[in-house]
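What follows is a short report on a single structure.
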Amino acid sequence: MADLQDELQATAEAGRLDAPAKRKPKPSRRFGAAEPIAPPDGTTEPGTTEPGTADGAKAPEAAPEAAGRLADPEGAEQSDGLEEAHAFLADHPVADGYSGLPWVLRHLPWYELELGESGVDTDVPRMREGHIGALFWSLHLSEPLTGDRAVGASLEQLDLVHKAVEADPEHLRLVRTAGEVTDARNRGRVAILLGPAGAPALGDSLAILRALHALGLKALTLAGVSWASEAGLSRFGEEVVREMNRVGVLADLSGASEQTIRRTLAVSRAPVLCTRSAAHALRPHPANLSDDLLAALGEAHGLCMVPLTSEQTGPSVRDVADHLDHVRSIAGPQSVGLSGTYDSGAAHPEDLIDASCYPHLVAELLHRGWSHDDLALLTWGNVQRVLRSADFTARAARDRREASTARIADLDG
Amino acid sequence: MTGTGSLEEARELLREFPIADGHNDLPWALRQQVRYDLGARDIATDQSAYLHTDLARLGAGGVGAQFWSVYVPSNSAFLPGAVPATLEQIDCVRQLIDRYPARLRSALTAADMEAARTEGRIASLMGAEGGHSIDNSLATLRALYALGVRYMTLTHNDNIAWADSATDEPAVGGLSAFGRAVVGEMNREGMLVDLSHVAATTMRDALDASAAPVIFSHSSSRAVCDHPRNIPDDVLERLPANGGVAMVTFVPKFVLQAAVDWTAAADENMRAHGLHHLDTTPEAMRVHREFEERNPRPVATVATVADHLDHMREVAGVDHLGIGGDYDGTAFTPDGLNDVSGYPNLIAELLDRGWSRTDLAKLTWRNAVRVLGAAEDVARDLKSRTAPSNATLEQLDG
C-alpha cells in the first residue's frame with residue numbers, strides 16, 4: 001500500500017536526472033553522422049553544449065523546427081510556455097500508452113538506444129528530452145500472423161524487449177506493477193511496460209495468457225480474433241477478460257468493436273485502457289471513440305489515451321489539444337491519457353514528430369488553461385491509477401478464483 | 001530380494017539426500033486425461049488408479065526434486081502447435097506449484113533445490129523434451145528459460161532440422177551449425193543440454209559444443225541393453241571431463257534385453273497383420289492381446305535397473321550418475337519400481353550391492369544439484385562476455 005499516494009509527488013532525483021537532456025542542443029530531428037555522441041569515458045553530456053543554465057539553452061533549441069510558430073508575435077510567449085512545460089514535466093513525467101518500437105527494432109540489424117538511434121523515433125536522449133517516465137512497448141505484430149505463428153512471434157517480440165531493456169540498465173527498466181513504475185522513476189529509469197500485445201498472441205489459450213503474463217505482459221488488445229470480433233465478446237472472450245483480471249493484464253480496447261468495448265466494460269473488474277483512441281466527434285477515424293463510448297469509459301474509470309498521430313487527431317499540436325479537451329470534457333479528467341504512438345508507421349503532427357516533443361503539447365495545454373492537477377493526471381496520474389487498480393483486482397481475484405482451464409471449443413463450440 | 005533392513009536404511013538415507021528425478025511426464029498425463037483440470041486429478045489425494053504420481057507417493061518414494069517434463073509431441077501432425085502447447089505445459093507446472101505450496105516449491109537454481117530440501121518440499125523444475133519446442137528460434141528458447149525451463153532435450157523421437165534423434169533415420173549426422181548455436185545459447189542462458197533421445201552422433205557433437213556439463217534426463221546403458229535410447233560407453237566415458245550426469249531410466253523396453261526383443265517381436269507381429277505398430281484401434285489391440293497371450297511380456301525388476309547403474313558407475317564414475325524414472329511417460333514399469341513410491345527399493349538394492357552411503361547421496365541428490373549449479377556458473381561467465389544470439393536456421397544451415 002506504500003505506493004498509494006506517491007504518483008503525484010515529484011521526486012527530486014528524477015527531476016535532476018531529467019535535467020541534462022534538456023540542456024542538450026536540440027538535434028534537427030535526425031541523428032545523422034554529425035550528431036554529437038557522448039565520449040566513451042562515460043561523461044554524461046557532450047562538452048559542446050552551450051554554457052549557462054538550462055533556461056539559456058531552451059529558447060534557441062526550439063528555433064529550427066518551430067520557425068513558423070516563433071515567427072508570429074506570440075513567439076516569446078510560446079517559448080515561455082515551453083519552459084513552464086519542461087518544469088511541469090520534470091515533476092510529472094509522461095506515461096506514454098503506446099510505442100511501436102519493438103517491431104521496428106526487430107528489423108534493424110543493430111541499434112543504439114542509449115546514445116541515440118537515427119532509425120527510430122524513440123531513443124533514450126529523446127525520451128529524456130520528452131520527459132517520458134513510463135512507456136508501453138507494443139508487442140503488436142505488423143504481419144497478419146494468426147494461430148500458432150502469432151504465439152511464437154509474440155514470444156520473439158517479448159524476448160526482443162527483454163534484451164533491449166537489459167542492454168541499457170542505466171536508463172530502462174522492465175516493470176510489471178504500479179509500484180515498480182514508481183520505483184523505476186525514483187531511480188531515474190524509464191519504466192518499460194510490456195504491451196499491448198494483439199489478441200492472436202494467446203493462440204486461443206488461457207494458459208498462454210498466463211505464460212505471457214509470467215513473461216511480463218501487461219496489456220492485451222481485444223480485437224482480431226473469433227472471441228473478440230465485430231460481434232463482440234464470445235463466452236470464451238468473457239472468460240479471457242476474467243482471467244486477465246485475475247492475473248493482472250489490462251484490456252486494451254483501441255481498435256475493438258463497439259460491442260466488444262461495451263461488453264468488456266461490463267465484464268471487467270479492472271479499469272480498461274484504450275491505448276490509441278481519440279474523439280470520433282472531432283475526427284471520424286474508426287479507432288476513435290464516440291462521445292457515448294467516451295462517457296461510458298469515464299463512468300467505468302477507464303482511460304482513453306489520445307494518440308499523437310495526424311490520422312487520428314489531426315496535423316497540428318492544436319488538433320491534438322482539441323481532442324484532449326474534448327475527451328477530458330466527456331470522459332472526465334481522470335480518464336484521459338497520452339499515447340505517443342511513435343515508431344508505429346503513423347505520421348505525426350507538426351512539432352510532435354518524435355518522443356522528445358511532449359513539452360510542445362503540454363505548453364499548448366498550459367496555454368489553454370489546463371490546471372496542474374488535470375495535467376498531472378493526464379501525463380502520469382491516470383496511468384498509475386489504472387495500473388494500481390489492475391494490480392489490486394488481481395490480488396483480490398486470485399484468492400477467490402482458480403486459474404481457468406476453459407477452452408474455446410467448449411465455450412464457443 | 002532386498003532385506004527389510006536395507007529398505008529401512010534406504011528410507012533413512014533418502015530423508016537426508018532425497019531423489020532428484022530427471023523426468024516425469026505428469027503434465028502431459030494431466031493434459032491427456034483431464035485437459036489440465038487439476039481438480040479432477042487432485043494429486044493431494046490417491047491417484048494410483050490413473051497416474052504413477054501423486055503427492056503421497058512422491059513422499060513415500062523420498063522424492064525431493066523433480067524435473068517435470070513439459071513434453072509435447074514431435075510428430076509432424078502436431079508440430080505447428082509445438083510452441084503454444086509447450087507454453088500450456090509450462091502453465092500446468094506453474095499451476096501445480098501454486099496449488100500445492102506446502103509440498104511443491106518452484107526451483108530455478110541449485111540454491112532453490114537446496115532450499116526446498118531444507119524446507120522438506122519438492123523442488124519443482126521444468127524440462128522441455130525436444131528442440132521442436134522452440135521452433136528454430138533462439139528467442140523462443142530464451143522465453144522458455146525465462147518461464148523456468150531448466151533443461152531441453154535436443155530432440156524427441158523424431159529428427160528436427162538441426163539434430164538427429166536416436167529413433168529416426170540419420171539426416172544431419174549429429175548437430176548442424178544451428179544446432180551448435182542452440183547449444184551455445186543454452187549454455188549462455190544456463191539451460192542444461194539434455195542428450196536423452198538423441199542419436200549417438202548428436203551426443204558426441206553436443207559434448208564437443210557444450211561449454212557446460214550436459215545431462216541425460218532419462219537414459220540407461222547401451223552396453224547393458226542395446227537400445228538406441230541408451231548411452232554408448234564411449235559417450236559415458238566423456239562425462240567425467242564434461243562434468244555431466246547420466247540419469248538412469250526404468251522403462252522396461254529400454255533397460256531389459258528380453259523386453260527390447262519382445263517389443264520388436266510384438267511390433268513385427270502387428271506389421272504381419274498389416275497394422276502400424278502403434279495402432280490402438282480395437283482390432284489392433286486384439287491382435288496385440290493375442291500376441292501377449294502366446295508370448296508373456298518379460299518383466300524388468302529393480303535388479304535390472306541396478307545392473308545398469310553398476311555398469312554406468314564403472315564407465316562414467318559415481319559423480320556422473322542420477323535417476324530419471326520417466327513416470328507417467330511409460331506404460332510399463334519394472335517390478336518394485338511400479339510408481340514414484342518405488343525409489344527406496346532401488347536404493348535398498350544398491351545398498352545390498354555394496355554402494356556406500358556417500359555414493360548413494362551423489363546418485364540421488366548431489367550430482368543433480370551440482371550439474372545445475374555448474375550450468376549457472378557457465379551462464380554467468382558467458383553472459384558477462386557475450387551478447388544473446390539471434391542466429392537463424394536459414395543463416396547457419398542455409
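What number of residues within region B:111-146 satisfy the criterion of being hydrophobic (A, V, I, L, M, F, W, C), surrounded by fewer than 21 Cβ atoms within 10 Å (Cβ to Cβ) and in contact with a Leu (Cβ under 9 Å, 6 or more places away or on another chain)? If you could, list the steps in order and put the result at the bottom.
At the first step, the residues of region B:111-146 found to be hydrophobic (A, V, I, L, M, F, W, C) are B:111, B:113, B:115-116, B:122-123, B:125-126, B:128, B:134, B:138-139, B:141, B:143-144, B:146.
Checking the rest, the ones that are also surrounded by fewer than 21 Cβ atoms within 10 Å (Cβ to Cβ) come to B:111, B:115, B:146.
Narrowing the set further to residues that are in contact with a Leu (Cβ under 9 Å, 6 or more places away or on another chain) leaves B:146.
The total comes to 1.
Within region A:172-188, restricting attention to residues that are over 25 Å from A:Ala270 (Cβ atoms) and surrounded by 18 or more Cβ atoms within 10 Å (Cβ to Cβ), which residue is farthest from the other protein chains (Cβ to nearest Cβ)?
By that ranking, first place goes to A:Gly188.
Within region A:143-157, is even one residue buried (at least 18 other Cβ atoms within 10 Å of the Cβ), within 14 Å of chain B (Cβ to nearest Cβ) and touching an Asp or Glu at 6+ places or on another chain (Cβ under 8 Å)?
yes
Would you mind finding the one in A:Ala406, A:Ala397, A:Ala321 that is in contact with a helix residue (DSSP H, G or I) (Cβ under 6 Å, 6 or more places away or on another chain), in contact (Cβ under 8 Å) with a residue 24 or more places away in the chain and assigned to a loop (DSSP other than H, G, I, E, B)?
A:Ala406
For region B:97-115, indicate whether the set of residues that are more than 23 Å from B:Glu189 (Cβ to Cβ), part of a helix (DSSP H, G or I) and away from chain A (no Cβ under 14 Å) is non-empty.
no
Return the residue satisfying two criteria in turn: it lies in region A:158-171 and is part of a helix (DSSP H, G or I) and out of contact with any strand residue (DSSP E or B) (no Cβ under 6 Å at 6 or more places or on another chain), and of such residues it is farthest from the other protein chains (Cβ to nearest Cβ).
Per the stated criteria, the residue is A:Ala164.
Return the pairs, sorted by first residue and then second, in which the second residue is among the aromatic types (Phe, Trp, Tyr), the first residue lies in region A:200-228 and is away from every other protein chain (no Cβ under 11 Å), the beta carbons are less than 8 Å apart, and the residues are 6+ apart or on different chains.
A:Lys218/A:Phe136; A:Ala219/A:Phe136; A:Trp227/A:Phe236
Has region A:247-257 got at least one residue that is over 23 Å from A:Gln157 (Cα atoms) and either surrounded by fewer than 24 Cβ atoms within 10 Å (Cβ to Cβ) or more than 14 Å from chain B (Cβ to nearest Cβ) (or both)? Step through it out loud before you land on a result.
From region A:247-257, those over 23 Å from A:Gln157 (Cα atoms) are A:257; that's our starting set.
Now narrow it down to the ones that are either surrounded by fewer than 24 Cβ atoms within 10 Å (Cβ to Cβ) or more than 14 Å from chain B (Cβ to nearest Cβ) (or both): A:257.
Scanning region A:247-257, I find at least one residue that is over 23 Å from A:Gln157 (Cα atoms) and either surrounded by fewer than 24 Cβ atoms within 10 Å (Cβ to Cβ) or more than 14 Å from chain B (Cβ to nearest Cβ) (or both), so the answer is yes.
Please verify whether region B:40-54 includes one or more residues that are crowded, with 18+ Cβ neighbours inside 10 Å, more than 19 Å from the chain's Cα centre (by Cα) and not β-branched (Val, Ile, Thr).
There is at least one residue in region B:40-54 that is crowded, with 18+ Cβ neighbours inside 10 Å, more than 19 Å from the chain's Cα centre (by Cα) and not β-branched (Val, Ile, Thr).
Yes/no matrix, rows are residues, columns are (1) of a type in the set (A, V, I, L, M, F, W, C); (2) farther than 30 Å from B:Met186 by Cα:
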{"residue": "B:Ala300", "(1), (2)": "yes, yes"}
{"residue": "B:Ala316", "(1), (2)": "yes, no"}
{"residue": "B:Val369", "(1), (2)": "yes, no"}
{"residue": "B:Arg385", "(1), (2)": "no, no"}
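Checking the condition at pLDDT 95 or above and part of a helix (DSSP H, G or I), which residue from B:His218, B:His308, B:His227 passes?
B:His308
Out of the residues in region B:74-84 meeting the condition of being more than 7 Å from chain A (Cβ to nearest Cβ) and in contact with a Gly (Cβ under 9 Å, 6 or more places away or on another chain), tell me which one is modelled with the lowest pLDDT.
Filtering region B:74-84 for residues that are more than 7 Å from chain A (Cβ to nearest Cβ) and in contact with a Gly (Cβ under 9 Å, 6 or more places away or on another chain), the one modelled with the lowest pLDDT comes out as B:Ser74.
For region B:122-144, give me the residue count where each residue is of a type outside the set (Asp, Glu) and either facing another protein chain (nearest Cβ under 8 Å) or assigned to a helix (DSSP H, G or I) (or both).
Residues meeting the conditions: 12.
Criterion first (within 14 Å of chain B (Cβ to nearest Cβ) and surrounded by fewer than 22 Cβ atoms within 10 Å (Cβ to Cβ)) does A:Leu139 satisfy it?
So A:Leu139 does not fit the description; no.
(1) within 11 Å of chain B (Cβ to nearest Cβ); (2) modelled with pLDDT of 95 or more; (3) farther than 16 Å from A:Gly195 by Cα: which one isn't true of A:Pro109, the others all being true?
(2)
Any residue in region B:96-114 that's closer than 22 Å to B:Met152 by Cα and not assigned by TED's automatic domain parsing to the domain that holds B:Arg31: show its pairings with residues that are in a helix (DSSP H, G or I) and at pLDDT 95 or above at Cβ separation under 7 Å, as long as the two are six or more apart or on different chains.
none
Looking only at region B:33-53, which residues are aliphatic (A, V, I, L, M) and either touching a Ser or Thr at 6+ places or on another chain (Cβ under 9 Å) or within 12 Å of chain A (Cβ to nearest Cβ) (or both)?
B:Val34, B:Leu38, B:Ala40, B:Ile43, listed by residue number.
State whether the residues of region B:207-217 include one that is more than 25 Å from B:Ala128 (Cα to Cα) and surrounded by fewer than 16 Cβ atoms within 10 Å (Cβ to Cβ).
No: region B:207-217 contains no residue that is more than 25 Å from B:Ala128 (Cα to Cα) and surrounded by fewer than 16 Cβ atoms within 10 Å (Cβ to Cβ).
Could you list, ordered by first residue, the pairs with Cβ atoms under 6 Å in which the first is in region A:264-279 and more than 29 Å from A:His348 (Cβ to Cβ) and the second is at pLDDT 95 or above and crowded, with 24+ Cβ neighbours inside 10 Å, at least 6 apart or interchain?
A:Val267/A:Val241; A:Ser268/A:Val241; A:Ser268/A:Ala251; A:Ala270/A:Ala390
Taking the stated definitions as given, is A:Gly97 part of a strand (DSSP E or B) and surrounded by 22 or more Cβ atoms within 10 Å (Cβ to Cβ)?
In short, yes.
Could you identify the single residue in B:Asp168, B:Asp158, B:Asp205 that is among the charged types (D, E, K, R), away from chain A (no Cβ under 14 Å) and in a helix (DSSP H, G or I)?
B:Asp205
Starting from region B:372-386, keep only residues that are at negative phi, then list their pairs with residues that are part of a helix (DSSP H, G or I) and among the small types (Gly, Ala, Ser) whose Cβ atoms are within a distance under 7 Å, requiring at least 6 positions of separation or different chains.
Listed by first residue and then by second, the contacts come to B:Leu372/B:Ala110; B:Gly373/B:Ala110; B:Glu376/B:Ala110.
I'm trying to understand the selection: among the residues of region A:206-222, which are part of a loop (DSSP other than H, G, I, E, B) and touching a helix residue (DSSP H, G or I) at 6+ places or on another chain (Cβ under 6 Å)?
The answer is A:Leu215, A:Leu222.
The values are calculated or read from the model by the stated rules, or taken from the named source; none is laboratory data. In this text, all values refer to a predicted model and were calculated from it rather than measured experimentally. Using ideal geometry, Cβ is built from the backbone for each residue, glycine included, and neighbour counts are taken over all protein chains shown.
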